[in-house]
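Please read the structure below before turning to the comments.
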Amino acid sequence: MSKIITIDPVTRIEGHLKIKIEVDETDDVSFVKKAYCSGTMFRGMERLLNGRDPYDAPVITSRICGVCPVPHSIASVLALDSAFDAQIPENGRILRNIVLACNFLWSHILHFYTLTIQDYAAGPNMAPWRPISNEDIRFNDSENQVLCDHYVQAFGMIRKANELCAIFAGKSPHSSAIVSGGFTGVPTNSDINDAMVLANELNDFITNIYNSDAQLLGEKYSDYFEIGQGHGNLLSFGSYNLDNSGQDVLFSQGIAFRDNSSIEPLDANKITEDIASSFYTGDSGPVHPFDSNAVNSYPKADAYSWTKSPRYDGNAVEVGPLARMWVSGKYNNGISVLDRHLARAMEAKLLIDSISEWLGQISVGKTSYIQPVSQESAEGFSLTEAPRGSLGHWIKIQNGKISNYQIVTPTCFNTSPRDSNGIAGPLEKAIEGTKIDSKDEPVEVLRIIHSYDPCQACAVH
Ligand code: NFE
Ligand code: MG
């Protein structure tokens, strides 16, 4: 016998996500047999770009999301850079890295303290900590109190990460300083000094509080190192150029398949999207983003999500901090709920250390921008990383206007529905097989979902 449980909406994520699970009830113990992820809203940002000036793309695509506006701007200007063969001055490259890393930091801190810790810790008897239905709280009273204090401190840190970004980008979120050809700001010594002060405060919090709270979570909930593995395929597009050759990067590009411990190089032609279970019509089967002709279509038989199904060489692949750190050889403990949280915290430490280094590399008084030579007809694409994982933008330009713009986001990869081969998306697969202690409160499922840090606004874009 099976029981259907629907969590709709899933809370403490960004955007609108529904999870339906089928729980096996034949024995005393319950296991999830099937899981279905649905993005329940439509955005249409790709269609909105058709016919517009190519330089509008970074400004508009930034608005896909208030959580990761910088990565969308970066992905969009990288696609324009590739279409126009733009040259980026050193300062432009460094400033892009700094503001991108600031966005990662504010997102990671926000995720751990405002979207995750409530799954594990019991705060005071007031909103947003109560009502609480979860019986599986393993922290003692004083640990709960400390975590709650850190939650309050985290808000100040999120603000500081945004301020650090705004020193250079002028405004955060949705800065217009990130442009094809580089970056519009030319920093002063006083900008760099102000940024250093904020970076030091953030480093202190990330090192002594965030990373140590993540470790404590790992100690209390060590069984979650065995929960939520999924397909076990980890993909990273790579990001943060450390020189202008594009060869030296902070996060490498590559893929680690479950049955193969080596990291394989990525072939951009093997990235496809499938719309079998999505509310779109167009070419069925896997289609490369440049060839996409998908148009929204609702209702549609057998479809259950507004998210498409990105695949790599036919495989469903997990993306995110764990995949990025794994492919870069910086984390290899395992693939699970807790590994995702620990890799994310370790990545935050790596990034705040890098920001301090990059601040020291800015050349005061030198330009950050070289005007690109626009083309009437061109195409380009970018493969980069956002806080939640691999992000790609593909642009085709005809008669000086955008003729096709396609976006594949991290949460699209992670929360994708089944494809035409019946392969479940990474989050669906991670939930399937999980043992549920209480069918009224499947907290295990919620903890698996939150470990991916889904953003459905990005997923449906
Ligand atoms: Ni809306 Fe985003 C990140 C992107 S997730 S948060 O990180 O792209 O798909
Ligand atoms: Mg898309």
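Read the figures in this text as sums done on the coordinates, not as results from a lab. Remember, it's a predicted structure, so these values are computed and weren't measured experimentally. Methodologically, a virtual Cβ is constructed for each residue, glycine included, from the backbone with ideal geometry; neighbour enumeration extends over all protein chains shown.
Would you mind checking LYS20/LYS220; LYS160/LYS429; LYS160/LYS366 for any pair whose Cα atoms are more than 31 angstrom apart? Could the numbers behind the result be given before it?
Values: LYS20/LYS220 28 Å; LYS160/LYS429 37 Å; LYS160/LYS366 26 Å.
Checking Cα-Cα distances, LYS160/LYS429 exceed 31 Å.
Taking amide H atoms as placed 1.01 Å from N in the peptide plane, list the residues 5 or more away in sequence, or in a different chain, whose amide H sits under 5 Å from that of SER328.
For SER328, whose amide H was placed from the backbone, the distant partners under 5 Å are SER252.
Expressed as a fraction of 2.2 N^0.38 Å, the rule-of-thumb size for a compact globular protein of N residues, what is the C-alpha radius of gyration of region 29-125?
Details: Rg = 19.1 Å, N = 97, 2.2 N^0.38 = 12.5 Å.
That ratio works out to 1.52.
If you wrap region 214-254's Cα atoms in a convex hull and average its projection over all directions, what's the area in nm²?
Details: hull surface 17.2 nm².
Over every viewing direction, the Cα hull of region 214-254 projects on average to 4.3 nm².
Note the full-extension length gain between ASP267 and LYS171 as 0.36 nm times their separation in residues minus their Cα-Cα distance, in nm to one decimal.
On the way: separation 96, 0.36 × 96 = 34.56 nm, distance 3.56 nm.
Full-extension gain reported as 31.0 nm.
When ranked by the protection proxy of mean other Cβ atoms within 10 Å per residue, highest first, what sequence do the peptides 338-345, 151-158, 123-130 form? Show your work: numbers first, answer last.
Numbers: 338-345: 24.6, 151-158: 16.4, 123-130: 11.2.
In decreasing order of mean packing, 338-345, 151-158, 123-130 become 338-345, 151-158, 123-130.
Under 37 °C and 0.692 mPa s, how fast does region 342-424 diffuse according to Stokes-Einstein, given a Kirkwood radius computed over C-alpha pairs? Answer in µm²/s, whole number.
Value of D from the Cα-based Kirkwood radius: 195 µm²/s.
Quick check: pseudo-label points 7 Å beyond the Cα along Cα→Cβ at GLN215 and SER356, how many nm apart are they?
1.7 nm
If you take the square roots of the eigenvalues of the alpha-carbon gyration tensor of the chain and sort them as a ≥ b ≥ c, do you get rounded (a/c under 1.5), prolate (a/b over b/c) or oblate?
On the way: a/c = 1.89, a/b = 1.19, b/c = 1.59.
Because a/c hits 1.5 or more and a/b fails to exceed b/c, the chain counts as oblate.
Quickly work out the ARG159-to-ASN134 label distance, labels modelled 7 Å from Cα along the C-beta direction, and quote it in nm with one decimal.
Between ASN134 and ARG159, the label points sit 2.7 nm apart.
Residue separation times 0.36 nm, minus the C-alpha to C-alpha distance between THR6 and GLU432: what's the value?
Details: separation 426, 0.36 × 426 = 153.36 nm, distance 1.42 nm.
Additional length available on full extension: 151.9 nm.
Provide the gained length on full extension for the span ASP27 to GLN398, in nm with one decimal, where the gain is 0.36 nm per separating residue minus the Cα-Cα distance. Write down the numbers at each step before the final one.
Numbers: separation 371, 0.36 × 371 = 133.56 nm, distance 6.10 nm.
Here the segment from ASP27 to GLN398 would lengthen by 127.5 nm.
Report the FRET efficiency, 1/(1 + (r/R0)^6), for ASP223 and GLU376, where r is their Cβ-Cβ distance and R0 is 60 Å, rounded to 0.05.
Values: r = 59 Å, r/R0 = 0.98.
After rounding to 0.05, the efficiency reads 0.50.
Applying a 10 Å radius around every beta-carbon, put 177-188, 445-456 in order of their mean neighbour count, most first.
On the way: 177-188: 21.8, 445-456: 25.3.
Most protected by this proxy first, the peptides run 445-456, 177-188.
Once the dipole of the chain is set up with Lys and Arg at +1 and Asp and Glu at -1 on Cβ about the Cα centre, which of ILE60, ASN233, SER38 lies farthest towards its positive end?
It is ILE60.
Which ³J(HN,Hα) values, rounded to whole Hz and listed in residue order, are derived for region 356-367 from phi using the Karplus coefficients 6.51, -1.76 and 1.60 in 6.51 cos²θ - 1.76 cosθ + 1.60 with θ = phi - 60°, glycine and proline given as x?
Each residue's phi maps through the Karplus curve to give 4, 5, 5, 4, x, 9, 5, 9, 5, x, 8, 5 Hz.
Quick one: if the Förster radius is 45 Å, what FRET efficiency do THR207 and SER245 give, using the C-beta to C-beta distance and rounding to 0.05?
The computed FRET efficiency comes out at 0.90.
Which value at 222 nm does the chain reach when only helices count, each DSSP H run of 4 or more adding -39,500 (n - 2.57), with the total divided by all residues and rounded to the nearest 500 deg cm²/dmol? Write down the numbers at each step before the final one.
Values: 13 runs with 160 residues, N = 461.
Value at 222 nm, helices only, nearest 500: -11000 deg cm²/dmol.
Just to be sure I understand the model, the point goes 7 Å from the Cα along the line to the Cβ. What's the resulting ASN260 to ARG63 distance in nm?
If labels sit at ASN260 and ARG63, their model points lie 4.3 nm apart.
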